Structures are given as structure tokens and as C-alpha cells.
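Notes to accompany the following structure.
Just so it is clear, none of the values below were taken in a lab; they were calculated from the coordinates. Given the structure is predicted, the values throughout are model-derived calculations rather than measurements. All Cβ positions, glycine included, derive from the backbone under ideal geometry; neighbour counts span all protein chains shown.
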């Protein structure tokens, strides 16, 4: 793989999709208000949970806010990159334009996963970062080099898992053509990531760590922030993330064998 | 509609957030503070799931797609308001979703056998009526938003914005009784608690003001319907077909 070529192509992607998205300026403003309101709403919900209880699943309110912050950042990343691109895959397959992608002298997964960008997601990512900084202050977390690198590792693993989940579902479009509702199911499951895993009953906890690893996505990075995480959990997350990435890649290559263009 | 069985089954599954919320509530004994027993709370969330299944509206997305594709022009020539078309689609899909919702309820009762109950016929009838009214309110609100397509072309982002208060204030994630007093003081004046909280309370047998709730629902419909007619007639005047 020629890294420089891919970087150059990515720059072009950024340029073209930003130019086309900025055509809808009021849309971006509306999306920003939506992101703010949705954060306010989930903090409101959290405050209802903590109304008469000091702890939920062993987490204090200030600690649970970290999960909200990480969720908001990841949701922003989803809205910036995963959502616009992977809904595009569905279109490509339905209309048969995936042919043109496959013909290009560039990796098809790279092309369809990074082609588009939705700038309003950036604002959500920033919102999440502000909340995270605020949480670091109120929880009096000491910033040290090892802490920073660990949190960076876990968050990037979460991004990988999230990406793989989205990519898996979009890949199944090759067989099922319509997958909007499967994406809705994923979205509603991801919603669980707003709350600490320990607040659920044992059976759901198992379900959300083995079948759909939503537990890994937000809870482990938040534990790293609080200095509660054991090393083995971080190792497990790294392993899960790499397994997910590799299988999603393999699955895409496997699925392409079944792709037979539209109307053929 | 029956052609898309898997689709609809998946959609029914995507509505199970209330059950996750129920799990948080009962697992942390949060319901003690609002004087609601585990059984009543689980019935509430099951009913919230049902009400949501039969009041989901997506007319904005259909209308936006149709208007971007230029399909609205032929509809406008027909002597029927195109929103009747969407209305019929929604009703048909609700009927197809019914068996899937029943299956999910069946599994729910297997895991929570103590929360099984049979509402009496009168209550059942009233709650079906109020669920339908809730559907009408949401349909009208979304149709008004959909008419914004005549001006902006991308009305679905406005809908996503409106969905946030609907999600948090309607009682889907937490019953309105549990809200803090500073919210409860004004929330009953908005349409939100009548979308899910009121019908779900009615059906699950939790305490609620039946006549007050129904009359508020009807009041909102009477407020929204003229607004829809107004924005529709303004919008169609403004409308120009694509490429003209």
C-alpha cells in the first residue's frame, strides 16, 4: 500500500465533500442544536436516575458524566464519518454504482468508508471534548503521560469496534439490499453505551459484552479515565478491536464475491 | 407490506429501548423513590413499547424523498391530498407490526411472569383510542415539518431536532411521574406527555387522569390541524416542480 497516495486521495475526499455539505449551511446549524439538545436530554435523564440515589451500578453522577462525554465524542465520530459513508454503500449496491468503485485503482473499503464527511458531527465531537475536560476537572483527574496514552489507546479501540459494527451491517446489504432497519437496531443498541455497564442486570451485561461489545466502547475508556481499569480489561479491548477490524475486512472481501451488480 | 417481514421485525426490535430502561430502573431500585412497584413499572414500560410501536411516524422522510425525486408533482394533480397516501401507509404498517409486537410481549412475559395482567375491555378500548390520538398528533406535527420541504428541501434535520424532546419528554425512557418538579410544572401543557406517557399509564393501569388526558390530546389535534392546512396551502402555492 502506498501511504502517500492514500493521503493525497483522502485530502481530495475531504475537499469535495466539505464543499458539497457546506451548501446546506442552515442544516449544520440545526444539527448543532440537535446535538446540544440531545446531550442536555441525556444529562437530564441521568439526573432523574440520580435523583434519590448516590450511586448507579457503583458510579457517581460525576463519574457517569464521563461516559456521556465519551459517548458524545463517539456519536460525533459516527455522524461525521460512519453514518454518511455507510448509508452511501446501501445506495451504491442498490443502484449498481459499486461497479465504478471496484474498478478504481484504489482499495474499495478505503474508498467507501472515507469518501464522505459530515461537518456537523465535528461540533458534536467538540461538545464531547468540552464535557470531558469539565469531567476531568470535577473528578480531579491527574493528567499523566501513561494515563493519556492509555485513554488514547482505549478510545481508538472503541472507534475501531464501532466502525466494524457499522461496516458489518452495511456489508450485509450485498445480500439483503435493504438494511435501514438493521442500522436502526444497531443504533438503539448503541444507545445503551450512554450508561455504565454495571447498572444493567447480569444477563444483559453478558449480552452487551459478548454478542455486541457495546460495553467495551464506552465503559472501559471511562474506567481508564477514573483510574479504575485493570490492565487485562484494556488488553481484552485491544484484542476485541483487532478481531473486529480483521473480520470486518475479511467479511467485506468475502461479500464482494457475491456482488453481482444491479439487475444481473 | 407483508413483503418486508424481516424489515418490520427488525424495526420492532429497534423499539426495545424501553426494556433496557426498565432494566436500569429495577436493577438499581430507582423506582422506590417514585412509589411505583417493580411490577407496575414493568407494565408501564411494556405499554410504552406498545404505544411507541403503534404511534411511530416517518412521514417527513417519505415526503422529503418524494419531493426531492420530483414525485410530488403528479400527486398534486390528483384530487386527494397526498398526505392521505402516507396516512394509509402508516396504518398498514402498524397492522403488520402487530404480530411482531405480540411476540416481543410474549417473551417479555416469559422473563417477567409476575407482571402479566389483563386490562378490562373499557380500559383497553380507551387506550387504543388514546394511542391512535397520539399517532394523529405526531402525524400532524411531522406533516407540518414535512411541508417545510417546500421551502428548504431538507426538512428531515428539523424533524431530528424535534425528535429529541419527544424522546426525552414523552415518557419513553422514564415515566413522567419521575421527572423533577421544575419540569412537571410545565410539561403537561406541551403535547409530549400525551404521546407515550398518558396512553401507557392508561393501558398499564397506573394512576392517570383519563378525561384530562384525552381532552388534551383532542385539543392538540384541533390546534395542529388548522396549522397543517394553512402551511399546506401556503406551501403548494410556493411549490415549483423540479426543473421548472
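What Kirkwood hydrodynamic radius do you get for the range B:96-205 when you take the inverse of the mean 1/r over all pairs of distinct Cα atoms, in Å? Intermediate results must be reported in sequence, preceding the final value.
On the way: mean 1/r = 0.0622 Å⁻¹.
After inverting the pairwise mean of 1/r, the radius is 16.1 Å.
For residue A:95 and residue A:184, compute 0.36 nm times the residue count separating them, minus their Cα-Cα distance, and round to one decimal in nm.
Details: separation 89, 0.36 × 89 = 32.04 nm, distance 2.16 nm.
Contour length minus Cα-Cα distance gives 29.9 nm.
Under a crude label model (7 Å from the Cα following the beta-carbon direction), how far is residue A:232 from residue B:234 in nanometres?
Going from the residue A:232 label point to the residue B:234 one covers 6.4 nm.
Give me the compactness ratio for the range B:155-198, meaning the Cα radius of gyration over 2.2 N^0.38 Å.
Working: Rg = 10.8 Å, N = 44, 2.2 N^0.38 = 9.3 Å.
Rounded to two decimals, the normalised Rg is 1.17.
Mind checking the mean number of beta-carbon atoms from other chains within 10 Å of the Cβ atoms in B:19-25? All intermediate terms of the calculation are to be shown ahead of the outcome.
Numbers: counts 1, 8, 5, 0, 8, 11, 3.
If you average over the peptide's residues, the count of other-chain Cβ atoms is 5.
Tell me, what is the FRET efficiency for residue A:114 and residue B:120 to the nearest 0.05, using R0 = 56 angstrom and their Cβ-Cβ distance as r?
Numbers: r = 58 Å, r/R0 = 1.03.
Given R0 = 56 Å and the Cβ-Cβ separation, E is 0.45.
Extending each Cα 7 Å along its Cβ direction at residue A:14 and residue A:256, get the distance between those two points in nm, one decimal.
For the pair residue A:14/residue A:256, the computed spacing is 2.6 nm.
Shielding by partners for A:32-41, please: the mean number of other protein chain Cβ atoms within 10 Å of each residue's Cβ. The partial results should precede the final answer.
Working: counts 1, 4, 8, 3, 1, 8, 7, 1, 3, 6.
Neighbouring Cβ atoms belonging to other protein chains average 4 per residue here.
Given labels modelled 7 Å from the Cα in the Cβ direction, how far is it in nm from residue A:243 to residue B:186?
It is 5.0 nm.
If the convex hull of the alpha-carbon atoms of the range A:105-264 is projected onto planes in all directions, what is the mean projected area in square nanometres?
Numbers: hull surface 47.6 nm².
Dividing the Cα hull surface by four gives the mean projection, 11.9 nm².
Using only Cα atoms, locate the centre of the range A:1-17 and the centre of the range B:184-244, then give the distance between them in Å, rounded to an integer.
Using only Cα atoms, the two centres lie 48 Å from each other.
Can you tell me the orientation of helix B:59-68 relative to chain B, as the angle in degrees between its alpha-carbon axis and the longest Cα principal axis, to the nearest 10?
With rounding to tens, the tilt is 20 degrees.
Taking 35 Å as R0, compute the FRET efficiency from the Cβ-Cβ separation of residue B:227 and residue A:198 and round it to 0.05.
Details: r = 46 Å, r/R0 = 1.33.
Plugging the Cβ-Cβ distance into 1/(1 + (r/R0)^6) gives 0.15.
Could you tell me how many degrees, from 0 to 90 and to the nearest 10, lie between the Cα long axis of helix B:156-169 and the main elongation axis, the longest principal axis, of the Cα atoms of chain B?
Helix B:156-169 sits roughly 20 degrees off the main axis of chain B.
For chain B, set up a Gaussian network in which alpha carbons nearer than 10 Å are linked by springs, and say which option among B:46, B:161, B:136 fluctuates the most.
The residue with the greatest mean-square fluctuation here is B:161.
With runs of 4+ DSSP H residues as the only contributors, calculate the mean residue ellipticity of chain A at 222 nm using -39,500 (n - 2.57) per run, divided by the residue total and rounded to the nearest 500. Provide the component values of the computation, followed by the final result.
Details: 13 runs with 196 residues, N = 264.
When only DSSP H runs of four or more count, the value is -24500 deg cm²/dmol.
Bin by bin, in steps of 20 Å, what percent of the Cα pairs in the protein assembly as shown do you find, going until the bin that has the longest distance?
20, 55, 24, 1
Restricting to DSSP H runs of at least four residues, report the calculated mean residue ellipticity at 222 nm for chain B, -39500 (n - 2.57) per run over all residues, nearest 500 deg cm²/dmol. Display every interim value, and only then the final one.
On the way: 12 runs with 172 residues, N = 244.
Calculated from helices alone, the mean residue ellipticity at 222 nm is -23000 deg cm²/dmol.
Pick from B:228, B:111, B:179: which residue has the top mean-square fluctuation in a GNM of chain B where Cα pairs under 10 Å get a spring?
B:111
Divide, for the range B:202-244, the radius of gyration over alpha carbons by 2.2 N^0.38 Å, where N is the residue count.
Details: Rg = 18.4 Å, N = 43, 2.2 N^0.38 = 9.2 Å.
My calculation over the Cα atoms of the range B:202-244 gives 2.00.
On C-alpha positions alone, give me the angle between the axis of helix B:38-53 and the longest principal axis of chain B, in degrees, nearest 10.
10
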